Amino acid sequence: MISERSAPRIESDDLSLGDLFKDFYLVPDFQREYVWEPEHVEKLLTDVLDEFYDEENRLEPDSEYFIGSIVACRDEAGTYQLIDGQQRLTTVYLAVCAIRDKLGKLGEQPGAAIQAMIQSVSADRRTMADVSRYRLALQYEDSHGVLETIAETRQSIDQIEQTTESIRHIVVAYKTIREFVTVNFDDDPQRIREFLAAMLYRVKLIRIVTPNLAHALKVFETINDRGIGLNAMDLLKNLLFMRTSPHDYPKLKDIWKELVDVLDEAKEKPLRFLRYYIMSHHEIDAHRGLREDEIYDWFVGNSEKCGLDTAPLRFARELVNCSRAYANFLNGKNADGTPVAYLENIARLAGGAVRQHLILALAGRNLPIELFTELCRNVENLFFCYLITREPTKTFERNFARWSSDLRAVADGDGLREFIAGYFHKDMAARSNAVDFALAELTQPRIQQYRLRYILAKLTQYVDQEAWDNPAHATLRQYLDRSVHIEHILPQRPGDDVREAFDKSDQYDEYVERLGNLMLLEKTINASVSNGSFGEKKAGYAQSSFLLTKSLVERPQVGVDTRLNRAVADLIQFETWGSVAIERRQQMLAGLARRVWLRDIDQTDP
């Protein structure tokens, strides 16, 4: 029998992220490497932003946000070995480093408190000598010290050789964080500091500490096998069983398992699905919204309205049907599984972190496919207007929840056109000038890389579609393929002769990043034109199959007054490439963008 004194003890603490980084952590070499993609990183940051900021992007007081638990064991030196939670903790550590570096670039001193969360001093337990240590260390071999390099800012992030997948993921995560901060806080040091403070001191998790590694692994296994606590999904399941006749328990059990399996396969959070289900099917206070911790209370308060009281099995089946449609929407398909290119495009534009469009997709899921497709086309255009003008995501959610009741009532094409004109076009027209301004001033650092690729792909696709009217150009896939690169016409890494030949050499780096200096180019051609001058690149550009790229240096012509001729009529050719050419091309692309995303409101203007 194990005595109470010798029994292993498990500690748990409710900590803010800031308190967490008062200690030292390491990820053992047997642990999974850092694998988060940009959408996972941006999702964490967006969740924090949505939780703490209002629709005017102002910081709200008092609220806190819980992101789960981590499992660790403490070694003899007092360092916590992470057994579960390294993806989140590594991301937060990178965020502190990235924001420190961003503040430094803006001419701000980040301060000792921020640096202490990255690197601090501990005492050697034998000599009491000071030992400088990083708050987080990766022991797996493929990291090759990349986290330490970032923590010390030993070299520019672009100079770090991405020799392993671990390094690539960490570097991309760091860049994603920098992009997120730039896009959402306009290089305002005070707002950036406020965001970091909110994340560090109002985001909380539970740190579970075990006395040894074996026990930590057992706790990790138990957590992942059984889960911790009951959330709204668990409580709703219990409520359904309470409302169901005992002889129907086997049916309900099968239905519920089907619901869970569908959401698991779609890799979707059940609570987000439940929130969007409620918003798309029922009236809520759109200005107040619906928090995840209010979902269960909503179902209890509205159990009769949603049929949970009178027909629990039918209600459960409705959830399953909605979940299947929802999973299809996530995969770029209609509710019945038919591909819808516009849903694919929205996913590319949203990057996985922003999914509010699914509220409208659920509300309109019973529309005939041609009407649903038209709805999705307009959702994509509106979504673009929101994102390019940096509309807070809470605005999307509020509007889409408010509009859903009218969308559910749409029965035919006339009804859908009236709905779109009354809501979508009205909102787009109000943002029209802001869209023009955003595109006229757009630079690479001020937008996420995947959204920049989406913009270039849509512009390129539009010209090809107008010219050829070919089904092959109906999706963005060929334009977003890995074989297609973003080409900087004025090269990113020029020789001294190219930089000196530029008419505003002191502003060279600024012009390199402007939208007017960017286009899509096939990888094979990109490799051949490399970092040469414009004169050296022109022959390569002329070989591109993309008309928007090709027309930079020559105007394609076929016959007289053909589709192709009309499609390229407004595209400008350039003999030389300087600051005026870049500015002029950016204006041209901004005008082209109106035809891509705003043509519906332009055609309906009196």
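Within the stretch 437-467, being within 16 Å of M588 (Cα to Cα) and surrounded by fewer than 18 Cβ atoms within 10 Å (Cβ to Cβ) holds for F437, A440, E441. Annotation: A112 fulfils all but one of (1) loosely packed, with under 13 Cβ neighbours inside 10 Å; (2) of a type in the set (A, V, I, L, M, F, W, C); (3) at pLDDT below 85; the unmet one is (3). Within the stretch 490-498, is there a residue that is of a type in the set (V, I, T), out of contact with any Leu (no Cβ under 7 Å at 6 or more places or on another chain) and free of Cβ contacts under 8 Å to residues at least 40 places away in the same chain? Checked the stretch 490-498: at least one residue is of a type in the set (V, I, T), out of contact with any Leu (no Cβ under 7 Å at 6 or more places or on another chain) and free of Cβ contacts under 8 Å to residues at least 40 places away in the same chain.
Within the stretch 136-150, the presence of at least one residue that is touching a residue at least 24 places away in the same chain (Cβ under 8 Å), aliphatic (A, V, I, L, M) and over 14 Å from V27 (Cβ atoms) is confirmed.
For the stretch 383-405, the criterion of being free of Cβ contacts under 8 Å to residues at least 40 places away in the same chain and surrounded by fewer than 21 Cβ atoms within 10 Å (Cβ to Cβ) is met by none of the residues.
Scanning the stretch 384-412 for residues that are polar (S, T, N, Q) and over 19 Å from the mean Cα position of the chain (by Cα) yields N399, S404, S405. Residue pairs whose Cβ atoms lie under 7 Å apart, sitting 6 or more positions apart in sequence or on different chains, and linking a residue in the stretch 330-349 that is basic (K, R) to a partner that is part of a loop (DSSP other than H, G, I, E, B) and surrounded by 17 or more Cβ atoms within 10 Å (Cβ to Cβ), are K333/V340; R348/L476. Considering the stretch 162-200 alone, what residues qualify as being of a type in the set (K, R) and either buried (at least 18 other Cβ atoms within 10 Å of the Cβ) or not assigned by TED's automatic domain parsing to the domain that holds T46 (or both)? Of everything in the stretch 162-200, those that are of a type in the set (K, R) and either buried (at least 18 other Cβ atoms within 10 Å of the Cβ) or not assigned by TED's automatic domain parsing to the domain that holds T46 (or both) turn out to be K175, R178.
Suppose the filter is β-branched (V, I, T), at pLDDT below 90, touching a Gly at 6+ places or on another chain (Cβ under 6 Å) and over 17 Å from V181 (Cβ atoms); does I83 pass it? When the stated conditions are applied, I83 does not pass them.
Among the conditions (1) surrounded by fewer than 20 Cβ atoms within 10 Å (Cβ to Cβ); (2) over 19 Å from the mean Cα position of the chain (by Cα); (3) within 30 Å of A98 (Cα to Cα); (4) not hydroxyl-bearing (S, T, Y), N470 misses just one, which is (3).
The residues on offer are D254, D248, D264, and the sole one that is free of Cβ contacts under 8 Å to residues at least 24 places away in the same chain and under 15 Å from R317 (Cα atoms) is D254.
Which residue, of M588, M519, is part of a helix (DSSP H, G or I), under 24 Å from N381 (Cα atoms), aliphatic (A, V, I, L, M) and not assigned by TED's automatic domain parsing to the domain that holds N381? Checking each option against the conditions leaves just M588. In a residue-by-residue description of the stretch 227-249, the property of being closer than 18 Å to G85 by Cα, in a helix (DSSP H, G or I) and either at pLDDT below 90 or of a type outside the set (A, V, I, L, M) (or both) applies to no position. Only one of these is touching a residue at least 12 places away in the same chain (Cβ under 8 Å) and within 26 Å of V121 (Cα to Cα): L59, L94. Name it. After ruling out the rest, the residue left standing is L94.
Out of the residues in the stretch 349-383 meeting the condition of being closer than 21 Å to T475 by Cα and under 14 Å from the mean Cα position of the chain (by Cα), tell me which one is modelled with the lowest pLDDT. Among residues in the stretch 349-383 that are closer than 21 Å to T475 by Cα and under 14 Å from the mean Cα position of the chain (by Cα), the one modelled with the lowest pLDDT is G352.
Checking the stretch 507-515 against the condition returns no match, with no residue being modelled with pLDDT under 90 and in the same structural domain as S544 (by TED's automatic domain parsing). With respect to (1) farther than 23 Å from P445 by Cβ; (2) surrounded by fewer than 17 Cβ atoms within 10 Å (Cβ to Cβ); (3) among the charged types (D, E, K, R), the lone exception for K550 is condition (2). Within the bounds of the stretch 565-582, is there any residue that is surrounded by fewer than 14 Cβ atoms within 10 Å (Cβ to Cβ), at pLDDT 95 or above and assigned by TED's automatic domain parsing to the domain that holds L480? The answer is yes, given that some residue of the stretch 565-582 is surrounded by fewer than 14 Cβ atoms within 10 Å (Cβ to Cβ), at pLDDT 95 or above and assigned by TED's automatic domain parsing to the domain that holds L480.
The values are calculated or read from the model by the stated rules, or taken from the named source; none is laboratory data. Treat the numbers as computed from the prediction; the structure is a model and nothing was measured. When we count neighbours, we look across all protein chains shown, and the Cβ atoms used for this are built from the backbone with ideal geometry, even at glycine.
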